[in-house]
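What follows is a short report on a single structure.
The values are calculated or read from the model by the stated rules, or taken from the named source; none is laboratory data. This is a predicted model, so every value here is computed, not measured. Here the Cβ positions follow ideal geometry from the backbone for every residue, glycine too, while neighbour counts run over all protein chains shown. Calculation scope for accessible area: heavy atoms of the full protein, side chains included, ligands and nucleic acids excluded. Shrake-Rupley method; radii C 1.70, N 1.55, O 1.52, S 1.80 Å.
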Amino acid sequence: MPAAVAFATEATVLFEQGDHRWIWLGTDDGAGEGVPANQYLVQDRGRGLLLDPGSVLDFARTISNLSRFAEPATLDYLFFSHQDPDVSSGVPMWAGVTKAKLVMPAIWARFLPHFGEFDQTRIQGVPDKGSTLALGKSELRVIPAHFLHSTGNIVLYDPVARYLFTGDIGTAIMPPGDNSLYVQDFSKHLKLMEGFHKRYMASNAACRNFVERINHLAIDAIVPQHGRIIRGDDVKRFKDWFRELRCGVDLLAEMYR
Ligand SMILES: [Fe+2]
Ligand SMILES: [Fe+2]
């Protein structure tokens, strides 16, 4: 696995075992108008799932990189962790080039027409308690992470790769020009994560509840929508930090000082 890759131009295979793969589809360098976001393709036996497809700003790069590995018609699912525009505003474009199901927290489904997507029959709403998705011959687990940060929020666990895609959980605001794909120094990386999590995540109760529910999973990497991939021993360091994090309403009084 490469420690560093060029931004935007190179999709990178993160995991490969037989016909099962995870592919990073790039991000941008933060010089553009939008929020830099990672997109990932999960494949099993030729069938695909796209994680947090992204905004209209991400579409051209993402589909160009994806096309090196898959025909859009092979996508069975577009997975939306929550309703934010950096996750979801490209939905009409992706819905137009695929026949994929649109997987999202059930409570957000009725808002989809506001992004310009009107075909409710394609929506696969995930109930508050979570669900599973069959991809090829594998089974992926959709795990609730409500209030982290969105009211209805889902993450995805792949027991084959032992990867946990966490959406905005694990986000880091990277300095311009940083081109690492993986976290190199976790203590330094914490400083890049702290501000976002304190402001966006709802409360320590939500963080602690999430860590307790994922603690039994074998996780080799935490794969976020923004920032860098957390792997190896840093997974435990991340969980330990997140479990104790005071954030959101815990800090309400301090916000107005
Ligand atoms: Fe978000
Ligand atoms: Fe995001």
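Restricting to the stretch 87-118, count the residues that are modelled with pLDDT of 95 or more and of a type outside the set (Gly, Ala, Ser).
Total meeting the criteria: 15.
If you check every pair at least six apart or on different chains, which have Cβ atoms under 6 Å apart with a residue in the stretch 206-226 that is assigned to a loop (DSSP other than H, G, I, E, B) first and a residue that is within 16 Å of ligand 1 (Cβ to nearest atom) and open to solvent by less than 10 Å² (accessible area, probe 1.4 Å) second?
Partner pairs satisfying both residue conditions: GLN225/ALA37; GLN225/ASN38; GLN225/ASP52; GLN225/GLY167; GLN225/ASP168; HIS226/ALA37; HIS226/THR171.
Under 8 Å between Cβ atoms, at least 6 apart or on separate chains: pull out the pairs that start in the stretch 175-199 with a residue that is more than 20 Å from LYS239 (Cβ to Cβ) and end on any residue that is open to solvent by 30 Å² or more (accessible area, probe 1.4 Å) and aromatic (Phe, Trp, Tyr).
Within 8 Å, the pairs are ASN179/PHE7.
If you check every pair at least six apart or on different chains, which have Cβ atoms under 9 Å apart with a residue in the stretch 94-123 that is over 19 Å from LEU57 (Cβ atoms) first and a residue that is exposed (fewer than 12 other Cβ atoms within 10 Å of the Cβ) and basic (Lys, Arg) second?
From residues that are over 19 Å from LEU57 (Cβ atoms), the pairs are GLN120/ARG110; ARG122/LYS99.
Looking only at the stretch 180-196, decide whether some residue is within 16 Å of ligand 1 (Cβ to nearest atom), modelled with pLDDT of 95 or more and of a type in the set (Lys, Arg).
Looking for residues that are within 16 Å of ligand 1 (Cβ to nearest atom), modelled with pLDDT of 95 or more and of a type in the set (Lys, Arg), one finds none in the stretch 180-196, hence no.
Which residues, taken from the stretch 95-143, are among the β-branched types (Val, Ile, Thr) and open to solvent by 20 Å² or more (accessible area, probe 1.4 Å)?
Hits for the stretch 95-143 are VAL97, ILE107, THR121, ILE123, THR132.
Kindly indicate whether any position in the stretch 159-171 is within 16 Å of ligand 2 (Cβ to nearest atom) and open to solvent by 10 Å² or more (accessible area, probe 1.4 Å).
Scanning the stretch 159-171, I find no residue that is within 16 Å of ligand 2 (Cβ to nearest atom) and open to solvent by 10 Å² or more (accessible area, probe 1.4 Å), so the answer is no.
Picking from VAL103, VAL42, which residue would you name as being under 16 Å from the mean Cα position of the chain (by Cα) and farther than 27 Å from MET174 by Cβ?
It is VAL103.
THR132 passes all but one of (1) under 17 Å from GLY152 (Cβ atoms); (2) assigned to a strand (DSSP E or B); (3) not basic (Lys, Arg); which number fails?
Answer for THR132: the failing condition is (1).
For the stretch 206-252, name all the residues that are aliphatic (A, V, I, L, M), more than 16 Å from ligand 2 (Cβ to nearest atom), more than 20 Å from LYS191 (Cβ to Cβ) and open to solvent by less than 70 Å² (accessible area, probe 1.4 Å).
Scanning the stretch 206-252 gives ALA206, VAL211, ILE214, LEU217, ALA218, ILE219, ALA221.
When the residues of the stretch 135-149 are narrowed to those that are of a type outside the set (A, V, I, L, M, F, W, C) and not in a strand (DSSP E or B), which ends up nearest to ligand 1 (Cβ to nearest atom)?
Checking each candidate, the answer is HIS149.
Of all the residues that make up the stretch 67-94, how many are open to solvent by less than 10 Å² (accessible area, probe 1.4 Å) and closer than 17 Å to ASP168 by Cβ?
Total meeting the criteria: 7.
So which residues in the stretch 152-175 are on the phi < 0 side of the Ramachandran plot and not in a strand (DSSP E or B)?
GLY152, ASN153, PRO159, VAL160, ALA161, ASP168, ILE169, THR171, ALA172, ILE173, MET174, PRO175
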